[in-house]
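Working notes for the structure below.
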Amino acid sequence: MSPLFDSKQMVVSVERAAIPALLKGEFAAAALTAQALAEDSHLYWSDSSHVACGPGCDRCCVVNVAVLAPESEAIARYLQQELSPSALGALREKLTILHDQTRWLDDEERILANHRCAFLDEGGSCSVYPVRPLLCRSVNSTNADDCHTAMSMLALGENHPIISCLVQKEIFEAAFIGLGQALKSCGLDDRSFRLAGSVLLRLNESD
Ligand code: SF4
């Protein structure tokens with residue numbers, strides 16, 4: 001019998017791997033370590049051949065995404081490296097507006113109002129893809145039509161099942177928990193925050 005993915009072991013591995021960077025105050029490095037470990041596991045354990053997600057399919061990028069502080073730090077650093085000062089300024093404005101519009105909305109309300117993620121580019125791709133949050137990586141679907149139906153129904157307060165690769169979901173959720181446990185073990189804030197507000201905070205702090 002082939003071995004099964006062990007999510008508890010994944011949590012422990014990510015926690016252990018992220019602690020050294022956190023102890024040195026290197027938040028972004030801790031997030032990148034967690035992401036790399038999870039991506040390696042994803043390559044090893046998941047069969048992505050049936051996953052329909054790809055560039056330009058942005059239907060799920062309208063729900064609230066929870067991130068840990070190291071993840072938002074990694075995104076903020078990435079944006080500072082990749083964007084010109086004027087593009088970064090425009091993005092900050094976009095994040096500020098989105099944060100104000102969505103901070104009190106649940107998923108259903110946000111979908112209904114169609115407040116899409118500020119990191120979606122014009123082609124519907126994720127502009128922070130290499131450093132995107134762990135929970136964004138966990139979301140997947142084997143059928144894009146199912147996502148469209150599910151999002152429309154969720155806006156009306158009803159659920160529609162989405163068939164997804166459960167191993168992929170488990171891997172990235174375990175990595176998220178492991179990173180949270182690493183923060184806790186280091187005596188750091190292990191709460192999760194909403195994506196737009198958290199990245200904005202990190203960008204403002206680095207001014
Ligand atoms: S960070 Fe990227 S993947 Fe996540 S919701 Fe935003 S655009 Fe989508």
Quick calc, residue 84 & residue 39: beta-carbon distance into FRET formula, R0 30 Å, rounding 0.05, result 0.60
List the DSSP H helices in the chain whose Cα atoms stretch 18 Å or more along the helix axis and whose mean Kyte-Doolittle hydropathy is at least -1.0.
7-23, 27-45, 69-82, 85-102, 166-185
With the label point 7 Å along the Cα-to-beta-carbon line of residue 189 and a cut-off under 13 Å to each amide N, the hits in the stretch 50-92 are 67-73
3J(HN,Hα) from dihedral phi, the stretch 58-68, Karplus parametrisation 6.51/-1.76/1.60, rounded to Hz, x for glycine, proline:
10, 4, 8, 7, 10, 9, 6, 10, 8, 10, 8
What distance in nm separates the simple spin-label points at residue 94 and residue 107, each placed 7 Å from Cα in the Cβ direction?
2.4
Return the lysines within reach of residue 184: Cα separation strictly under 16 angstrom, same-chain partners fewer than 8 residues apart disregarded; answer none if there are no such residues.
24
Order by protection proxy (mean Cβ within 10 Å, highest first), peptides 57-68, 122-133, 86-97:
57-68, 122-133, 86-97
If I model a spin label as a point 7 Å beyond the Cα along the Cα-Cβ vector, how far apart are those points for residue 160 and residue 143 in nm?
1.0
So for 137, 16, fewest C-beta neighbours within 10 Å to most, what's the order?
16, 137
Over the stretch 7-205, how many percent of alpha carbon pairs lie in each 5 Å bin up to the one with the longest distance?
1, 8, 15, 19, 20, 17, 13, 6, 1, 0
If we count every other residue with Cβ under 12 angstrom of residue 94's Cβ, Lys/Arg +1 and Asp/Glu -1, where does the sum land?
-1
About the Cα centre of the stretch 116-166, how large is the charge dipole given +1 on each Lys and Arg Cβ and -1 on each Asp and Glu Cβ? Please answer in debye to the nearest 20.
220
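Values quoted throughout were computed directly from the atomic coordinates according to the rules given, and no laboratory measurement underlies them. As the structure is a prediction and not an experimental result, all values here were calculated from the model. Glycine gets a Cβ as well: all are built from the backbone with ideal geometry, and neighbour counts include every protein chain shown.
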